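So the structure is just underneath, and the comments pick up after that.
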Amino acid sequence: MKKINPVKKVAAIHDLSGFGRASLTAIIPVLSSMGVQVCPVPTAVLSTHTGGFENFTLVDLTDSMSDYINHWKEIELSFDCIYSGFLASIRQIEIVSEIIDIFSNEDNFVVVDPVMGDDGVLYQTMDDEMVDSMRKLIKKADIITPNFTEACYLLNEDYTFDISEEEIKLWLKRLSNMGPEIVILTSVPNIEKSKKTSVIAYNRENDVFWKVSCTYIPAFYPGTGDAFTSVVIGSILQGDSLPISLERGVQFITNGIKASYGFDYPKREGILLERVLDTLKLPVITSSYEMMK
Ligand code: PXL
């Protein structure tokens with residue numbers, strides 16, 4: 001009998017931030033709850049993530065990454081998805097590009113979350129050269145998941161909420177033309193309804209746009225992008241369609257924010273993931289996604 005893969009595997013190229021529920025400390029619980037094995041390729045170890053904490057410590061693991069991957073190559077590992085996120089240096093971006101060359105094939109897909117900033121500004125460790133390297137890395141991705149700020153940087157556009165849906169669609173096509181077949185844009189401002197935000201995705205293969213809207217809650221929690229992308233990946237690996245995967249991602253983050261917002265604790269600690277992880281076991285009962293014309 002042909003060998004079947006009992007549990008899907010994701011090679012997750014991310015940092016480990018000890019406190020704050022971002023990167024691997026968000027990705028591992030989410031994907032594990034969805035029945036997917038996470039195989040981390042740690043890029044750096046930080047005491048906390050960089051969003052809202054000062055004087056964090058950072059041990060850069062760039063020098064160990066090639067040997068780490070060569071061992072995986074020697075023991076002939078293969079993955080259903082290769083997923084990268086926050087990267088700490090240009091060299092690290094180049095190594096991720098090599099990892100993709102080694103492990104990507106016809107049977108898996110590559111997700112690059114071009115983690116660079118939020119709210120119109122770059123994170124403390126990013127600069128224009130890193131943005132330029134990220135533009136090269138996304139060429140190799142099948143799916144990218146920038147937020148609105150990251151899309152502005154990738155496209156060299158000004159960060160403004162005064163943007164129409166038609167313009168957003170053009171941006172998505174431009175991003176897709178840079179390489180990835182699917183572009184999932186998060187935190188899209190909605191100027192007509194200021195209490196709403198949305199996720200809009202473009203699939204170049206069938207030239208279709210999908211939109212999932214949700215209520216905007218005026219609170220910024222770090223790590224939600226990592227949790228969102230992980231839910232989308234887990235959902236695709238479970239066999240869901242792109243719009244259902246987006247819907248599950250949006251519902252999970254909305255539930256997570258609602259479960260957290262009523263408590264008085266520093267937002268930099270991230271959403272109370274542990275209180276909502278079990279919802280990932282449930283099927284999607286109501287969907288509100290729209291196909292955009
Ligand atoms: O959630 C993205 C992320 C990942 N890793 C580190 C970060 C951030 C965002 O702030 O600082 C170290």
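Taken together, the values in this text are just the output of simple stated rules run on the coordinates, not laboratory data. All values derive from a computational prediction rather than experimental measurement. Glycine gets a Cβ as well: all are built from the backbone with ideal geometry, and neighbour counts include every protein chain shown.
What the table shows:
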| item | result |
| --- | --- |
| Modelled FRET efficiency - R0 45 Å, Lys293 with Tyr159, Cβ distances, 0.05 increments | 0.95 |
| Helix runs (DSSP H) in the chain reaching 24 Å along axis by Cα, Kyte-Doolittle at least -1.0 | 242-261 |
| Residue with peak Gaussian network fluctuation, the chain [Cα springs, cutoff 10 Å], from Pro266, Pro42, Pro189 | Pro266 |
| Positive-end extreme of charge dipole, the chain - chosen from Met126, Leu77, Leu61 (charges on Cβ) | Leu77 |
| Simple spin-label estimate for Glu274 and Ser66 in nanometres, 7 Å along Cα-Cβ | 4.1 |
| Magnitude of the charge dipole, the chain, Cβ model with Lys/Arg +1 and Asp/Glu -1, debye to 20 | 980 |
| Test item: Cα-centred dipole of segment 29-130, Lys/Arg +1 and Asp/Glu -1 on Cβ, debye | 300 |
| Sequence of Arg275, Arg248 once ranked by neighbouring C-beta atoms within 10 Å, starting from the fewest | Arg275, Arg248 |
| Set Lys9/Lys258; Lys8/Lys73; Lys195/Lys267 screened for pairs whose C-alpha atoms are more than 22 Å apart | Lys9/Lys258 |
| Computed Rg/Rh of the chain, alpha carbon atoms with Kirkwood Rh | 0.93 |
| Peptides ranked, highest mean first, by Cβ atoms within 10 Å: ranges 197-209, 77-89 | 77-89, 197-209 |
| Segment Asp132-Ser97, length gained on full extension (0.36 nm per residue, minus Cα span) | 11.2 nm |
